[in-house]
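K.L.:
Below are the structure tokens for one structure; questions will follow.
The values are calculated or read from the model by the stated rules, or taken from the named source; none is laboratory data. The shown structure was predicted, so the numbers you read here are calculated from the model rather than taken from an experiment. Cβ: placed from backbone, ideal geometry, glycine included. Neighbour counts: every protein chain shown. What goes into the accessible areas is simple: the full protein's heavy atoms, side chains included, and nothing from ligands, DNA or RNA. Shrake-Rupley method; radii C 1.70, N 1.55, O 1.52, S 1.80 Å.
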Amino acid sequence: MNWLLTHLDEVGGLMVTHAVLSVIPLVIGLVVAVPLGWLAWRYRLLRTPLVAGTGLLYTIPSLALFILMPLVLGTGILDPLNVVVALSVYTVALLVRTVADGLASVPDEVLQAATAMGIGPLRRFFGVQLPLAVPVIAAGLRVAAVSNVSIVSVAALLGIAQLGSLFTDGFARNFLDPIIVGIVACMVLALALDLAILAVSRAVTPWLRVGSPA
Amino acid sequence: MIRFTDVTKVYPGGTVAVGGLSLRAPSGKITVLVGPSGCGKTTSLRMINRMIEPTSGTIEIDGRDTSGLEPNELRRGIGYVIQSGGLFPHRTILDNIATVPLLLGWDRRRARARAHELLERVGLAPELGRRYPNQLSGGQQQRVGVARALAADPPVMLMDEPFSAVDPVVREQLQDEFLRLQADIGKTIVFVTHDIDEAIKLGDQVAVLRVGGTLAQLAAPADLLADPADDFVADFLGRDRGYRGLAFTEAPALPVTREPTVRLGAGADEARRVAAGEEWLLVVDADGAPAGWVRPSALVAPVGPDDLHRGGTVARVGGSLRAALDAALSAPSRRGVLADDDGRLVGTVRAQDVLAEIEREPSEAAS
Ligand SMILES: Nc1ncnc2c1ncn2[C@@H]1O[C@H](COP(=O)(O)OP(=O)(O)OP(=O)(O)O)[C@@H](O)[C@H]1O
Ligand SMILES: [Mg+2]
């Protein structure tokens, strides 16, 4: 593991890039998935096309999507924007169903009570329904985060530098060390994101961790 | 006053949930809507705060047609309580109660102070305010539901089977508390239930609905029991209507007999002496409250709690004829125990004297 010690800075830099390329699409994907998930929850007829349609996006091979992006976006092939947009698409694909399920998990009588108290639709959504859907949505977000970390590495084939570059690099030089370091770093990153989402989700749902009636 | 004029609701698909309902819910009174499942009770209730829009007809509150009011504003002025409270699981009890005041723009401090006040009002300890709903028992959650509905002091309250999710003992407690509260606050209340006993107990007037959402009868509980409009209402009221009707007639001056008593812990000899040959002797506790009946002849030691026959009910002086009669019928001695408002023994009354009173005033028993 001498290799790691001499390349600590480089690996650290790649890890940061990797994290950024994973997290930004996660945020964008969530922001897009919430209204789509709401539509799927609210209008029965839209549910199947929205959930199945966005779900289908996930079946597009990532390499193909990365290569297609410059054509669609008019970006350069090396532009990290390609990765961000492609991964946002995957995140949306994973999250629309989750958001719809999360919204549906909120008890109807709670929403009825909110309406009956004169809480308008927007306030009811952000103040009551979305907070109560957090546990379900966070579970989907964790899956999407891990998925993103793994898919980002594919972008190394296009020459966009992140932890995946360690694989291509090691492979090209027939050298195992960077490959192992890359795998471990990816795992550490995925785990860290997973735990971070878990921690945030727990922090914003204090009512789920209190005892039963005393 | 809330006034329904020829209100109908036809759901998409053609279900007639409410079919031409006209009725008034007077101000400051409890109007109960009761009827079998699917007779349109919830639909009728929700048309008042426009969670459901009527297909035709008008609903007025204090003379104002609700269809001309902004729904959310209308709703903030109407308390609404549903089964198991419908509390927000993610907000503390205090925040739940403060919901409408905050919506109305009260400052936080005033809203919290009001929430505290209401918590106490519905009989909950202040420290419960910091808890979340899932840390409360069903009965406590229901009380919070009532407190939340009252928070902005709305003149009108709508209640949809608010007490049906708790066990019978707690339900009875909640009903009693609710009646005491209403005696204080005098809201205009429309209360939905499918439980005719609850309707009779709580209602100043009871509207019996039949499936299809039409009014079968609207009357005060005593009149309903005494004079059901038709077979449907009679069936729905169920058995023992005559007996239950007695609950609405105050027992006037019943002939009360002083009852010889001994205290808990009195010796067997003393008990036998006081009983003077009677089979049953009444035992009171240290406060003078009736504790139960004992058979002096069977005593071998001082009167202990285990010797007591506890089957007898205790009626309050000035309570209903039903309570007095039941006290007499349930006592092993057939002498009904009467107590004052503080629970202290006053004396006993016999079933025949209660019956004589019922026969003496037949018209009053039916009004
Ligand atoms: N949203 C709806 N769409 C179609 N039909 C409905 C809808 N809501 C209620 N109904 C129908 O209207 C009728 C009255 O329903 P409502 O809920 O008012 O009855 P209810 O008296 O409250 O019954 P329960 O005692 O069971 O609560 C029922 O036949 C019901 O199936
Ligand atoms: Mg109902």
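K.L.:
Taking B:K9 as the anchor, which aspartates and glutamates have their alpha carbon closer than 15 Å to its alpha carbon, excluding any fewer than eight residues away along the same chain?
P.N.:
B:E53
K.L.:
Do you know the relative contact order of segment A:2-206, to the nearest whole percent, from alpha carbon pairs under 8 angstrom that are 6+ apart?
P.N.:
Here the relative contact order equals 27 percent.
K.L.:
Something else now. Report, ordered by chain and residue number, the lysines lying within cross-link reach of B:K201, taken as a straight Cα distance under 26 Å and ignoring same-chain residues fewer than 8 apart.
P.N.:
By straight Cα distance, B:K201 reaches B:K29, B:K41, B:K187.
K.L.:
If amide hydrogens are placed 1.01 Å from N in the peptide plane, which non-local residues have theirs closer than 5 Å to the one on B:R316?
P.N.:
Under 5 Å from the amide H of B:R316 lie the amide H atoms of B:A339, each far enough along the sequence or on another chain.
K.L.:
Where does each of A:D101, B:D235 land when they are ordered by accessible area, with a 1.4 Å probe and the largest first?
P.N.:
Working: A:D101 65, B:D235 125 Å².
Largest to smallest exposure gives the sequence B:D235, A:D101.
K.L.:
Additional query: Would you mind pulling out the separation of the Cα centroids of segment A:13-84 and segment A:93-112, in Å?
P.N.:
Value for the Cα centre distance between the two parts: 21 Å.
K.L.:
Quick one: angle between helix B:351-360 and the longest Cα principal axis of chain B, in degrees between 0 and 90, rounded to 10, please.
P.N.:
The helix B:351-360 is inclined about 50 degrees to chain B.
K.L.:
Just by accessible area at a 1.4 angstrom probe, what is the order of A:T54, A:T168 from largest to smallest? Let's see the in-between values first.
P.N.:
Details: A:T54 15, A:T168 50 Å².
From most exposed to least exposed: A:T168, A:T54.
K.L.:
Set the Förster radius R0 to 41 Å, insert the Cβ-Cβ distance between B:E359 and B:T5 as r into 1/(1 + (r/R0)^6), and round the FRET efficiency to 0.05.
P.N.:
Numbers: r = 43 Å, r/R0 = 1.06.
Working from the Cβ atoms, E equals 0.40.
K.L.:
Further, regarding this structure: Net charge within 15 Å of B:I30 by Cβ-Cβ distance, Lys/Arg positive one each and Asp/Glu negative one each, not counting B:I30 itself?
P.N.:
Combined, the nearby Lys, Arg, Asp and Glu give -3.
K.L.:
Using the Karplus curve 6.51 cos²θ - 1.76 cosθ + 1.60 with θ = phi - 60°, what ³J(HN,Hα) values do you get for each residue of segment B:79-94, in whole Hz, with x for Gly and Pro?
P.N.:
Running phi through 6.51 cos²θ - 1.76 cosθ + 1.60 with θ = phi - 60° gives x, 9, 10, 10, 3, 6, x, x, 5, 7, x, 8, 10, 5, 4, 4 Hz.
K.L.:
With θ taken as phi - 60° and the coefficients 6.51, -1.76 and 1.60, list the Karplus ³J(HN,Hα) couplings across segment B:290-296 in order, rounded to whole Hz; mark glycine and proline as x.
P.N.:
Whole-Hz 3J(HN,Hα) from phi for segment B:290-296: x, 10, x, 9, 9, 9, x.
K.L.:
Using only the Cα atoms of the protein assembly as shown, each taken as one equal point scatterer with no solvent, compute I(q) by the Debye sum, divide by I(0), and report log10 of the ratio at q = 0.12 Å⁻¹.
P.N.:
Taken in order of the listed q values, log10 I(q)/I(0) reads -1.17.
K.L.:
I want to verify a result. In a Gaussian network model of chain A, Cα cutoff 10 Å, which of these has the top mean-square fluctuation: A:A133, A:A52, A:A33?
P.N.:
Maximum fluctuation in the GNM of chain A, among the listed residues, is at A:A52.
K.L.:
Report, for segment B:261-362, the % of DSSP beta bridges that are antiparallel, rounded to 5.
P.N.:
Values: 10 of 16 bridges.
The answer is about 60 percent antiparallel.
K.L.:
Here's another thing I want to ask about it. Quick one: Karplus J couplings for segment A:189-205, per residue in order, coefficients 6.51, -1.76, 1.60, θ = phi - 60°, nearest Hz, x for Gly and Pro?
P.N.:
After applying 6.51 cos²θ - 1.76 cosθ + 1.60, I find 5, 4, 5, 4, 4, 4, 5, 5, 5, 4, 5, 5, 4, 5, 5, 8, 10 Hz.
K.L.:
What order do you get for A:157-166, A:6-15 when each peptide is scored by the mean count of other beta carbon atoms within 10 Å, highest first?
P.N.:
On the way: A:157-166: 21.0, A:6-15: 14.4.
Most protected by this proxy first, the peptides run A:157-166, A:6-15.
K.L.:
Could you compute how much accessible surface A:F175 exposes when probed at 1.4 Å, giving the result in Å² to the nearest 10?
P.N.:
70
K.L.:
Let me ask something else about it. Please give the residues from segment A:173-214 for which the solvent-accessible area of heavy atoms, probe 1.4 Å, is smaller by at least 20 Å² with all protein chains in place than with the chain isolated.
P.N.:
A:P206, A:W207, A:V210, A:G211, A:P213, A:A214
K.L.:
A follow-up question, please. Any idea what angle helix B:321-330 forms with the longest principal axis of chain B, computed on alpha-carbon atoms, 0 to 90 degrees, nearest 10?
P.N.:
Tilt of helix B:321-330: around 50 degrees.
K.L.:
Ignore the peptide's own chain and count Cβ atoms of other chains within 10 Å of each Cβ in B:128-135; give me the average, rounded. Before the final figure, lay out each step's value.
P.N.:
Details: counts 1, 0, 0, 5, 6, 3, 6, 6.
Mean shielding count: 3.
K.L.:
For B:65-78, what's the mean count of beta carbons from other chains sitting within 10 Å of each residue's beta carbon?
P.N.:
Values: counts 0, 0, 0, 0, 0, 1, 3, 7, 1, 1, 6, 4, 1, 3.
Average neighbour count from other chains, rounded to a whole number: 2.
K.L.:
Using 1/(1 + (r/R0)^6) with R0 = 22 angstrom and r between the beta carbons of A:I67 and A:F171, what's the FRET efficiency to the nearest 0.05? Show your work: numbers first, answer last.
P.N.:
Details: r = 19 Å, r/R0 = 0.88.
Calculated transfer efficiency: 0.70.
K.L.:
Given segment B:95-153 reduced to its alpha-carbon atoms as identical point scatterers, what log10 I(q)/I(0) does the Debye formula return at q = 0.17 Å⁻¹?
P.N.:
At q = 0.17 Å⁻¹ the computed log10 ratios are -0.47.
K.L.:
With chain B treated as a Gaussian network of Cα nodes joined by springs under 10 Å, which of B:H309, B:H194, B:H116 yields the largest mean-square fluctuation?
P.N.:
B:H309
K.L.:
Please give the calculated 222 nm ellipticity per residue for chain B, where each DSSP H segment of at least 4 residues contributes -39500 (n - 2.57) and the sum is spread over every residue; nearest 500 deg cm²/dmol? Don't skip to the end; give the middle numbers.
P.N.:
Numbers: 15 runs with 126 residues, N = 367.
Helix contribution divided over all residues of chain B: -9500 deg cm²/dmol.
K.L.:
Shifting gears a bit: Using every pair of alpha-carbon atoms in chain A, split the distances into 5 Å bins beginning at 0 and state the percent of pairs per bin, rounded to integers.
P.N.:
Histogram of Cα-Cα distances, whole percents per bin: 1, 7, 13, 16, 16, 13, 11, 8, 6, 4, 3, 1, 0, 0.
K.L.:
Taking the Cα atoms only, what angle lies between the long axis of helix B:138-150 and the longest principal axis of chain B, rounded to 10 degrees?
P.N.:
The angle comes out near 50 degrees.
K.L.:
Rg and Dmax of chain B over Cα atoms: what are they, in angstrom?
P.N.:
Using the Cα atoms of chain B, the pair Rg, Dmax is 24.7, 79 Å.
K.L.:
Could you work out the relative contact order of chain B, using alpha carbon pairs under 8 angstrom and six or more residues apart, expressed as a whole percent? Write down the numbers at each step before the final one.
P.N.:
Numbers: 752 pairs, mean separation 56.2, N = 367.
It comes to 15 percent, rounded to a whole number.
K.L.:
If you take every DSSP beta bridge whose two residues both sit in segment B:2-245, what share of them, in percent to the nearest 5, is antiparallel? It would help to have the intermediate numbers written out before the result.
P.N.:
Numbers: 19 of 38 bridges.
Approximately 50 percent, going by the DSSP bridge assignments.
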